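The values are calculated or read from the model by the stated rules, or taken from the named source; none is laboratory data. From a predicted model like this one, the values you see are computed outputs, not experimental measurements. Cβ coordinates were reconstructed from backbone atoms using ideal geometry, including for glycine residues, and neighbour counts include every protein chain displayed. Side chains are part of the model used for accessible areas, which takes the heavy atoms of the whole protein and leaves out ligands, DNA and RNA. Shrake-Rupley method; radii C 1.70, N 1.55, O 1.52, S 1.80 Å.
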Amino acid sequence: MTLPLIVYRSLRQHALSTLVTAASIALACGLLLTVWMVRVQTQSAFVDTTTAFDAVLGARGSKLQLVLNAIFNLEASPGNVSAADYQAIKRHPAVKTAIPIAVGDNYFGWRIVGTVPELFTGVQYARGKSYALVSGGRLFDPEKREAVVGAFVARRLALKVGDTFKPYHGLAFNPNEQHDDVYTVVGLLAPTNTPADRVIWIPIEGVQTMAGHDPAAATQVSAVLVQFRAPAAGMMLDVKYNRQGDRLTLAYPVGSIIADLFSKIGWLDQVLAIVAYLVALVAGASVLASIYASMNARRRDIAILRSLGARRCTVFGAVIAEAAVIGTLGAVAGLAVYVGLFGGVAGVIRAQTGVALDVVHWHPVVVLCPLGMIALGALGGVVPAWKAYRTPVAENLAPSS
Amino acid sequence: MLSINTLCKSFVTPEGGSALIVDVCAFTLAAGEQAALRGESGSGKTTFLHLIAGILAADSGRVEIDGVNMTALGEARRDRLRAEKIGYIFQTFNLLQGFTVLENVVLGMSFGRIGADRGRARELLARVGLGHRLDHYPRQLSTGQQQRVAVARALANRPKLVLADEPTGNLDRKHAREALALIRETCRESGSALLLVSHDEEVLAQFPGALDFAAINRPPVAAATGGAA
């Protein structure tokens, strides 16, 4: 009862510095958690997204660009794949599934991707997860100008079943380049938290034969998403397309290409982590500075407590406990900062990539980081606590007679 | 109750020398007895009381309180003994400004075996006429009221011995008389011995056997005994 009372009163007496210090810890805690959780979740989300397909076949060029374009619906297509090449890989005995896609149009900046219905009926977008349509909708008819809209686009553009739209040419929105073809929305995809949510899906023939597109490319596809029957097939086709051939690129295995991407941008993680650690260090120092700076003002109170019988270890413990409470306040507020920061970052990532991050996703760091902040706060209290421990009682019980 | 033998305390001077401040050969105070010491400012009275309370460690000698040799104890055990057996009233009251009146008194009993007893703290504050100001802060009280809080706090741990260092030094005549009467009366009621030091003759006049501190503090010629109230 005594120690909590002493700590509570001391915190109240120094309310402003308590709040400022707790806020700096909250910022550090929130930043650390956000950096950590975004890193962990983006990596796992991107890797999960790539589990649907083993490889991507596309025009000769960068494997990473091919994967980003075909699977994450980012970047431009490096070129086209001829109908013959598509048919060849589709019929290859080692290939289980080959889904063609064609890109080149948008609707108010949202990418339009032409594909076949089998993408939605024959493939799981993640382990154990199949595409689903919001009730009242259906898949597009490959023979008609119909569209299925990803959940994120549907929400952003307020598209619903029955709406019609005219695509715009190119991947970037240009109001002067609208096609005459009119498409009708016949279905909305249920949220998948994958890049598919950011796409308007139409029949592949629609993109290939869109008015204004090059007629010579009417049978070509932008890329082919491939599932192999066995991993060995990937290595075999890797040799065939990448080493022996010179027209096409097989991006295989997709997972390691994405892992390479993360390793290439790993320095950014490290910079962010270092910044977060520095903020944490500054926060710990601020606990030390704020309590230490008030020690002169507290000396008399400490001497009075000692004159009442409080032992040195009691005043030492009171200062440590006060620092730990500041750390705790900061850690709790840090969780709120994390929710806010993470929500903002997750919103940007979702809008840019379609990958959804979950703020309540469990990871040990969600517990360890706040605990670390409490420990850091307590650690920051050690020096002032030592000063309190050494406070001479008689000298501070002025005046003397 | 209180027995002092050849108690010495010296301090290092700014010049690096040593100045003997307290050199008391003998002093005793019986249980429940009330005594006063007369001394001018700077005579070492406060140091003497600090030595009795165990706030300062003596260079040599013996302070025995309720049968326990305080000077033989380590600091932690001296703190414990002070928390359990001694109440201290300061000239400047030394109330904790960030704590309420009630909390100040509660803290007076928190570090001893009795523990924090809010009921007793309320009773004591009611006894000194502050039952209606429990949640006020010291700065919200008059000087006389603050002194009464200090009295209540000093008695909170049911001390065997109450030390009062110029307890009326900051009060006007009227309040000084009231405070002194309150201290003596509450000590008497609780059976606590009282050792008061002051340079105020009006206060000392209330203690017929008041001794000059200079008489017991150097030269140590003969044992001095506290005057009975």
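Points worth noting:
- A Gaussian network model of chain B, with springs between Cα atoms under 10 Å, assigns the largest mean-square fluctuation among B:Ile65, B:Ile21, B:Ile86 to B:Ile21.
- A P(r) calculated from all alpha carbon pairs of the range A:55-252, with 5 Å bins opening at zero, reads 1, 8, 16, 21, 20, 15, 10, 5, 2, 0 percent.
- Peptide A:31-44 has a mean of 0 when you count, residue by residue, the C-beta atoms of other protein chains within 10 Å of its C-beta.
- Expressed to the nearest 5 percent, the antiparallel share of DSSP beta bridges inside the protein assembly as shown is 65 percent.
- q = 0.15, 0.16, 0.24 Å⁻¹, the range A:1-88: log10 I(q)/I(0) [Debye, one scatterer per Cα]: -0.76, -0.81, -1.13
- Distance between the range B:1-60 and the range B:97-124 - C-alpha centres, whole angstrom: 28 Å
- Shielding score for B:87-100, defined as the mean number of other chain Cβ atoms within 10 Å: 5
- For chain A: accessible area per residue (Å², 1.4 Å): 44 Å²
- In terms of packing, defined here as the mean over residues of other Cβ atoms within 10 angstrom, the peptides A:161-169, A:212-220 line up highest first as A:161-169, A:212-220.
- Given charges at beta-carbon only (K, R positive; D, E negative), |dipole| of the range B:1-109 in Debye: 100 debye
- Restricting attention to chain A, lysine pairs at least eight places apart or on different chains and with alpha-carbon atoms under 28 angstrom apart total 16.
- Chain B: radius of gyration over Cα atoms, expressed as a fraction of 2.2 N^0.38 Å: 0.98
- Three-way shape call for the range B:2-46 based on the alpha-carbon gyration tensor, with the a/c threshold at 1.5: oblate
- Peptides A:61-71, A:316-326 ranked from most to least packed give A:316-326, A:61-71, packing being the mean of other C-beta atoms within 10 angstrom over each peptide's residues.
- For the options A:Glu118, A:Glu146, A:Glu205, a Gaussian network treatment of chain A with springs between C-alpha atoms closer than 10 Å singles out A:Glu118 as fluctuating the most.
- Counted charge near B:Ala53, where neighbours are those whose Cβ lies closer than 11 Å (Asp, Glu -1; Lys, Arg +1): +2
- Neighbour net charge for A:Ile304 - beta-carbon separation under 11 angstrom, K R +1, D E -1: +4
- Carbon/sulfur fraction of accessible area - the protein assembly as shown, other protein chains in place, 1.4 Å, %: 57 percent
- Chains A and B together bury roughly 2700 Å² of accessible area, counting both sides, with a 1.4 Å probe on protein heavy atoms only.
- Other residues with beta-carbon under 10 Å from the beta-carbon of B:Leu141 carry, at +1 per Lys or Arg and -1 per Asp or Glu, a net charge of +3.
- With the Kirkwood sum run over all distinct C-alpha pairs, the protein assembly as shown has a hydrodynamic radius of 30.9 Å.
- Among B:Glu33, B:Glu84, B:Glu75, residue whose mean-square fluctuation peaks in a GNM of chain B (springs only between Cα atoms under 10 Å): B:Glu75
- Per-peptide packing, taken as the mean over residues of other Cβ atoms within 10 Å, places B:151-160, A:47-56, A:90-99 in the sequence B:151-160, A:47-56, A:90-99 from highest down.
- The alpha-carbon positions of the range B:1-101 define a convex hull whose volume is 147 Å³ per residue.
- With all protein chains in place and ligands, DNA and RNA left out, the 1.4 Å accessible area ranks A:Met373, A:Met236, B:Met1 as A:Met236, B:Met1, A:Met373, largest first.
- Centroid-to-centroid separation of the range A:286-350 and the range A:100-127 [C-alpha atoms, Å]: 53 Å
- Charge dipole (chain B, unit charges on Cβ, about Cα centre) - positive-most of B:Gln147, B:Val106, B:Leu204: B:Val106
- Neighbouring partner chain Cβ atoms per residue of B:39-52, average, 10 Å criterion: 2
- Note on the range A:1-149: along the principal axes its Cα atoms extend 82, 41, 33 Å, ordered by decreasing extent.
- Charges were assigned to the Cβ only: +1 to each Lys and Arg, -1 to each Asp and Glu. The resulting dipole of chain B about its Cα centre is roughly 660 debye.
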